[in-house]
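Working notes, structure below.
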Amino acid sequence: MNLGDLRSPQLVEQAARTLLAVPLGATEQHGPHLPLSTDTVIAVELCRRLAERVPDVVVAPPVPYGSSGEHAGFAGTLSIGRAMLTGLVVELVRSADDFAGVVLVNGHGGNAEPLRDAVRTLRAEGRNVLAWSPTGRADDTHAGHIETSVLLSLAHPGVDLAAAEPGVTLPLPDIIDDLRRGGLAAVSPNGVLGDPTHANADDGAAVLDRWTDTLVAAVTEWARRD
Ligand SMILES: [Zn+2]
């Protein structure tokens, strides 16, 4: 169920026993072959699957902007920065007090730290909130095999596999200092961290299934504790 499709009176009694799932994405370059909305598409799909598997979950409209400053210099990237993302999430979750809790499903690695800050503030205020991000291989973190395969499995029309080329395949810890200093452009001229050239829909479907299982388990465990 999507929040945007509901009418307010439908939520008056239901909200208190409903979890609100908020997809957090980004609008940022994903190499020459994937659309700028890749992280948002993935977060929305994971929320949709969560709502399919766990009862009483409503999916909020996605937040399509994130902290993407490290992708500056690549055409089309839009970023609201770390502090603004933290503030946005804090205010958004505060405004969702009618709901039993809020699950923030994050599709973009650069959002993780600002999200942690937001969750710390919100929990200190006594709010019931969980942030969850998918995990993957350290040598395939951006527009590589994993993300490309996932978008292929969703048959996303924005994928141009013919344009896919390998990027930097060093593990993220080896390049993170250069990345923080000079942005992604300093470590990978084509904006890719990983190798998307062997991406395929089957691998993407398996990854999505694994992420969904992990997300469902995390939400179930968290909801049981509260
Ligand atoms: Zn991405």
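Values as computed for the structure displayed
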| read-out | value |
| --- | --- |
| Region 140-178 residues near the modelled A201 label - backbone nitrogen below 16 Å, point 7 Å along Cα→Cβ | 148-162 |
| Dipole magnitude (debye, nearest 20) for the chain, charges at Cβ of Lys, Arg, Asp, Glu | 700 debye |
| Computed over the chain: relative contact order in percent, which uses C-alpha pairs under 8 Å that are six or more apart | 23 percent |
| Positive-end residue of G110, G204, F74, charge dipole of the chain with Cβ unit charges | G110 |
| Computed E for E125/T169 - FRET, C-beta separation, R0 41 angstrom, nearest 0.05 | 0.45 |
| Dipole magnitude (debye, nearest 20) for region 47-128, charges at Cβ of Lys, Arg, Asp, Glu | 160 debye |
| Vicinal HN-Hα couplings computed from phi for region 65-73 (Karplus, 6.51 cos²θ - 1.76 cosθ + 1.60; Hz; Gly/Pro x) | 10, x, 8, 10, x, 5, 9, 4, x |
| Cα shape, region 113-209, gyration tensor, a/c 1.5 rule | oblate |
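Since every read-out is calculated from the coordinates, none of them should be taken as a lab result. The structure displayed is predicted, hence computed values, not measured ones. Cβ: placed from backbone, ideal geometry, glycine included. Neighbour counts: every protein chain shown.
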